[in-house]
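What follows is a single structure, written as structure tokens, with notes after it.
Since every read-out is calculated from the coordinates, none of them should be taken as a lab result. Predicted model, so just to flag it, every value in this text is computed and none were measured. Quick reminder, even Gly has a Cβ in these numbers, built from the backbone with ideal geometry, and neighbours come from all protein chains shown.
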Amino acid sequence: MIATALTELLRIRVPVVQGGMQWVGKPSLVAAVSNAGGLGILTALTQPTPEQLRVAVRETRAATDKPFGVNITLLPTINPPDYQGYARAAVEEGVRIFETAGNNPSKLIEYLKSNGCIVIHKCTTIRHAKSAERMGVDVLSIDGFECAGHPGEEDIGGLVLLARAAQELRIPYVASGGIADGRGLAAALALGAAGVNMGTRFMCTVESPIHPNIKDTIVKATEQDTIHIFRTLKNTARVFKNSVSMEVVALERRAGGAQFSELRDLVSGARGKLVYENGDPDYGIWSAGVVLGLIKDIPTCEELVKRIEKDAEDTIAEMSKRVRPMAKL
């Protein structure tokens, strides 16, 4: 067993977190990850209302007696969701582990900590991580440039970002972006992380609620099959490279750029949701990390987590054999 500060804090067997993913972090996947020994995370905003999040929490608890969490991501939007309502519903249902992300999380973090919750906050820069540390979060998720979704605007890869985290942070952190196997877990541990956060890899499992055709698309894809959109709008997102995302980029690159109003219909969340439901990978925008290049199968969550655990242990043991200290004179 690989025991770290993360496994001890969350009371999980393997230091692997399934990150919150819109339309994907549903009870079937969350319970499967937690039952496998990792930490499954429900995505609050996948549910239309806080009351429906209550239902999802109850469904998850009926399927696992292991720890699981809830993700609440603060989105830049004109009409923000009822974040406090989602948080309150989850807390009242007994959830005590939360993954937070997005801008200005202080009020949300204050509420969660006042209710005795463990908070994992996602950051793409060390300065934001240090700010969250001051807010009192328990664990930081350090997202490198390789990650799906929003990697920030500074384009720092995980290798440097995680090493910087080891230099600067006082609390445990997990590595996110570009990780799909035990070798990645071992590398993250070597860089000072207490575990890993995986999104795209868990999308491609038996229990993932997305359409089988999208899972097959992930298996066939390579690390070259993602693209950044919204770069010109300073809200960069890494998504699957398809006809829609290519059209968005083309509009952004034209003379004079593009306003969000011109892109809204192409990038709507409703279209992205239908990708997962109907199985057409070209229908809308959907998140995917460069870790696509490492995904070659569709295992159960139990098979995947066990494989990661064993391969990480084997990699660590192999390193101790392969790297031999020189004899001192």
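Data table
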| read-out | value |
| --- | --- |
| Charge tally in the Cβ shell below 10 Å around residue 121, where Lys, Arg are +1 and Asp, Glu are -1, residue 121 excluded | -2 |
| Cα centroid separation - region 140-174 against region 297-311, whole Å | 24 Å |
| Residue of 68, 98, 260 that the Gaussian network model of the chain assigns the largest fluctuation, springs spanning Cα pairs under 10 Å | 260 |
| Inverse of mean 1/r across different Cα pairs in the chain, Kirkwood, Å | 20.0 Å |
| Residues 323, 291, sorted so that the one with the fewest Cβ neighbours within 10 Å comes first | 323, 291 |
| Local electrostatic count at residue 211 - Lys and Arg +1, Asp and Glu -1, tallied over other residues with Cβ under 12 Å | -1 |
| Sequence of 246, 203 once ranked by neighbouring C-beta atoms within 10 Å, starting from the fewest | 246, 203 |
| Filter on 220/321; 273/296; 130/234; 241/310; 107/296 - keep pairs with C-alpha separation over 30 Å | 220/321; 241/310; 107/296 |
| Distance between modelled label sites at residue 104 and residue 134, nm, 7 Å Cα→Cβ extension | 1.8 nm |
| Spatial extent of region 226-278: Rg and Dmax, with the Cα atoms as the point set, Å | 11.0, 36 |
| Residue-wise HN-Hα coupling along region 93-107, computed from phi with Karplus coefficients 6.51, -1.76, 1.60 (Hz; x: Gly, Pro) | 8, x, 6, 10, 10, 10, 10, 10, 7, x, 8, 6, x, 4, 5 |
| Pairwise label distance in nanometres, residue 171 with residue 111, each label 7 Å out on the Cα-Cβ vector | 1.8 nm |
| Separation of alpha-carbon centers, region 232-270 and region 197-222, rounded to whole Å | 23 Å |
| Net lengthening on full extension, residue 314/residue 52 (0.36 nm per residue, minus Cα-Cα) | 90.1 nm |
| Qualifying aspartates and glutamates (Cα of each under 16 Å from Cα of residue 66; at least 8 residues distant if same chain) | 8, 93, 302 |
| Cβ-based exposure ranking for 55, 248, 139, in which fewest neighbours within 10 Å come first | 55, 248, 139 |
| Calculated from backbone phi, Karplus (6.51, -1.76, 1.60) coupling profile of region 153-164 in Hz, x at Gly/Pro | 10, 9, 6, 9, x, x, 4, 7, 4, 6, 5, 5 |
| Pairwise label distance in nanometres, residue 219 with residue 261, each label 7 Å out on the Cα-Cβ vector | 4.5 nm |
